[in-house]
Amino acid sequence: MENLTYIGLGYLGAGIGAGLALLGAGLGIGKIGASSVEGIARQPSAAGSIRTAMIIAAALIEGLGFFALVISLLAVMNFSQPKAAATAEPQAVETPAGR
């Protein structure tokens, strides 16, 4: 019964980790979008370079968010299949007497 508590806490931790990572990625992309719109409004002639930098930064942040989500899903898959405890004792290996 004690193992089930640890498995449940593992699920909870993976869910919270995935949620916080994706929340941070969403807030980061929103901040980038707001700043780029403000920059384009202040200096319309630099719209191309601002837009390019915004897309690159948003892609990097989104990639990091997906990476965190995959890590959390791998952790959940690992928690769902706990390793069985070894019950058999290892057998002794016989060595030749002359050596």
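The values are calculated or read from the model by the stated rules, or taken from the named source; none is laboratory data. Here the structure is a predicted model, which means the values were calculated and not measured. Counting neighbours? That spans all protein chains shown, and the Cβs are built from the backbone with ideal geometry, glycine included.
Cβ-Cβ under 6 Å, sequence separation 6+ or interchain: first residue in segment 70-99 and hydroxyl-bearing (Ser, Thr, Tyr) and surrounded by 10 or more Cβ atoms within 10 Å (Cβ to Cβ), partner part of a helix (DSSP H, G or I) and modelled with pLDDT of 80 or more. Which pairs?
Taking only residues 6 or more apart or on different chains, the pairs are Ser72/Ala14; Ser72/Gly17; Ser72/Ala18.
Within the group Gly15, Gly8, which residue is modelled with pLDDT under 95, touching a helix residue (DSSP H, G or I) at 6+ places or on another chain (Cβ under 8 Å) and either polar (S, T, N, Q) or within 25 Å of Val76 (Cβ to Cβ) (or both)?
Gly15
Quick check on segment 20-30. Is at least one of its residues part of a helix (DSSP H, G or I) and either of a type in the set (Ser, Thr, Tyr) or touching a Cys at 6+ places or on another chain (Cβ under 7 Å) (or both)?
No.
What are the residues in segment 6-45 that are over 21 Å from Glu62 (Cβ atoms), within 23 Å of the chain's Cα centre (by Cα) and free of Cβ contacts under 8 Å to residues at least 12 places away in the same chain, if any?
Across segment 6-45, the qualifying residues are Tyr6, Gly8, Leu9, Leu12.
Applying the selection to segment 29-42, what residues are surrounded by 11 or more Cβ atoms within 10 Å (Cβ to Cβ) and of a type in the set (Gly, Ala, Ser)?
Selection gives Gly30, Gly33, Ser35, Ser36, Gly39.
For segment 13-28, give me each residue that is of a type in the set (A, V, I, L, M) and crowded, with 16+ Cβ neighbours inside 10 Å.
Hits for segment 13-28 are Ala14, Ala18, Ala21, Leu22, Ala25.
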